[in-house]
Amino acid sequence: MSRPVKKVPLHINSSQGRLLIKGGKCVNDDREFSADIYIEGGVIKELGQNLIIPGGTRVVDAKGKLVIPGGIDTHTHLQKPVEVTPVADDFYHGTKAAISGGTTMIMDLVMEKAGVSPLEAYDKCRELADAMVCCDYGLHMTISGWSEQVAQEMDLLVKEKGINSFEVFHAYKGVLMLDDSDVLKVFSKAKELGSLAMAHCENGEIIEQKADELFDLGITGPEGHALSRPEEVEGEATYRAIVLANQARCPLYVVHVMSKTAANVICEARRKGHVVFGEPIAACLGTDGTNYFHKCWRHAAAHVMGPPLRPDPSTPGYLMDLLANDDLQVTGTDNCTFNVDQKALGKDDFRKIPNGVNGVEDRMSVIWEKGVQSGKMDACRFVAVTSSTAAKIFNIYPKKGHIGVGSDADLVVWDPEATRTISAKTHNHACDFNIFEGMEVHGVPVVVISGGRVVKDEEGLHLTQGSGQFVPTPPNAPYVYGRVAARDQALAPQKVDREPYTGPVVELAVKVDNVKVTEAAPALSPDIVHRAPTRSGGRNMQESSFALSGEQIDDSKPRNQSRVTNPPGGKSHGLW
């Protein structure tokens, strides 16, 4: 499919755009250092002190502040054609909100129902995104059905279209869910292509049954959503996905890790050597599932997402602890917003409430507040979980997620002391509710630079629709596949060399089909339920001999009248 060339103002494309970020402390995932940053043509040209720069260069004062790589949100839904109502945040509003919060690249999920060509879905998504995005973006591909054609299109998506990640769903039965045999085929194909398998982990069979049961009991409100998807349902599917990926020898990325149980499964698998990554999201790090039991339906419904937030209020802190210590690796948002009137499609039936919450604008500040400000992680770890590790996993590092000569000039001047209060009244989302409403957070992006352009400063946002670029994600990321080849070799099945067996081989009896019954079966009593004789004509030993009349099935046979004085095993009395 041909796409129109984007018309971007000349000053944005100009290689003469020059910036100097002066006086800040640069933070990468591995170290902090003081340096000025000279930017030209959308990339970092020089790092150091007392740089000699051309005249006319714009200077950004970062004294007393941190300079960090722009955030990478690994998980957004800025288009979701499988929903009955369109998402509120499209590619324009979603990337606008991202930039406002310090995120300079998003990774969206291409979604279509089973039967739609992945290539067709990809082209459709690219056409929408290219015309609307305000920052750079990458794509993941959903596989919602399996066929030889899908396998061939996965080849093309990796080799020609810049896709290196494929997501499967263990939930949403009848729409996106795959059975285990198809999941295994997708994972095997992903491994063959050097790409990354991703999984939405919930048990769709259990969810469907429990949701119907709860509705029949009269539970129709948002609390039914949480009750129908208990924590163990996420944990079981996470374990199953890891097993399937391990059998395919394919690296696995578990999206939106929402519970302690699922997180613990991932941690245990990593300790055993599995190549698996866990992605908690802003929502589960910043709030919890007690909101589903709020007396206000509007408030409760606004938090409905899948998997749901967990009612255990200690869950956010627990997940943050794991994230801080690299038991979980990256953060996304699963940003998929709906207005209250859209959520109201399920006002009488929680099963019909569109799933999704906000997060792309507030992710960076929420993680700084709950992670760094609380003392659980340092600034370097913050950079790792918000950008650098994502760039490594999806093979765009050090182009993205790094401050270094030659890296893209996607940077944020971050004020760690500044505070702001999150509110739907001031956010840049297109939705009318914010799940972090009223939360005061430390850590504010005061200047955001995307592609070498200042897109946010003290004067506000300076955005151009369609100015973002698609970022291809090549296969065989060293961070993901670096140890896979050696691991495959170490775990490869080994044939045992031995001398051939030369001994006797038993001859099989006559085929059972040819056996004739030579002895008549006992007469059948009408009081006893009889099973058919075995194929050899004998009595079926699973048959009950009980009858209400007291009759036994073998009453017609003579009884042995001899008394056994020393039964096998000895007498039950006397001296031993």
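Summary table below
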{"quantity": "Angle between the chain longest axis and helix 180-192 axis [Cα atoms, degrees, rounded to 10]", "calculated": "50"}
{"quantity": "Computed FRET value (nearest 0.05) for residue 205 with residue 247, which takes r as the C-beta separation and R₀ as 25 Å", "calculated": "0.75"}
{"quantity": "Dipole of the chain, positive end: most advanced residue of 396, 464, 333 [Cβ charges, Cα centre]", "calculated": "396"}
{"quantity": "Residue 113 accessible area, 1.4 Å probe, all protein chains in place, Å² to nearest 10", "calculated": "110"}
{"quantity": "Given charges at beta-carbon only (K, R positive; D, E negative), |dipole| of the range 297-435 in Debye", "calculated": "280"}
{"quantity": "Solvent accessible area, Å² - residue 21, 1.4 Å probe, full protein context", "calculated": "0"}
{"quantity": "Residue 374 accessible area, assembled protein chains, probe 1.4 Å, Å²", "calculated": "70"}
{"quantity": "Residue order for 217, 328, 119 - accessible surface, 1.4 angstrom probe, largest first", "calculated": "217, 119, 328"}
{"quantity": "Charge-dipole axis of the chain as Lys and Arg at +1 and Asp and Glu at -1 on Cβ define it, positive-most pick from 480, 132, 121", "calculated": "480"}
{"quantity": "On Cα atoms only, tilt of 315-324 relative to the major axis of the chain in degrees", "calculated": "70"}
{"quantity": "DSSP beta bridge pairing in the chain, given as percent antiparallel to the nearest 5", "calculated": "45"}
{"quantity": "Between 0 and 90°, nearest 10: helix 204-216 axis offset from the chain longest Cα axis", "calculated": "90"}
{"quantity": "Solvent-accessible area per residue for the range 142-221 (1.4 angstrom probe, square angstrom)", "calculated": "40"}
{"quantity": "Helical mean residue ellipticity (222 nm; -39500 (n - 2.57) per DSSP H run of 4+; nearest 500) of the chain", "calculated": "-7500 deg cm²/dmol"}
{"quantity": "Cα centroid separation, the range 305-383 to the range 73-105 (Å)", "calculated": "15"}
{"quantity": "Heavy-atom accessible area order for 368, 297, largest first, 1.4 Å probe", "calculated": "297, 368"}
{"quantity": "At 1.306 mPa s and 10 °C, Stokes D of the range 315-375 from Kirkwood alpha-carbon radius, µm² per second", "calculated": "117"}
{"quantity": "Sequence of 470, 169, 215 from largest to smallest accessible area, 1.4 Å probe", "calculated": "215, 470, 169"}
{"quantity": "Positive-end residue, the chain charge dipole about Cα centroid, Cβ charges, pick of 273, 27, 95", "calculated": "273"}
{"quantity": "Contour excess over end-to-end distance, with Cα ends at residue 131 and residue 505 and 0.36 nm allotted per residue", "calculated": "127.3 nm"}
{"quantity": "Gyration tensor (Cα) of the chain, equivalent ellipsoid semi-axes in angstrom", "calculated": "60, 28, 24"}
{"quantity": "Alpha-carbon centroid distance for the pair the range 417-494 / the range 268-288, whole angstrom", "calculated": "17"}
{"quantity": "In the range 224-307, trypsin sites (Lys or Arg not before Pro) in a DSSP loop with at most 14 other beta-carbon atoms within 10 Å", "calculated": "272, 295"}
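The values are calculated or read from the model by the stated rules, or taken from the named source; none is laboratory data. Note that this is a predicted model, so its numbers are computed, not measured. Cβ atoms come from the backbone with ideal geometry, glycine included; neighbour counts cover every protein chain shown. Please note that ligands, DNA and RNA were not included when accessible areas were found on the heavy atoms of the full protein model with its side chains. Shrake-Rupley method; radii C 1.70, N 1.55, O 1.52, S 1.80 Å.
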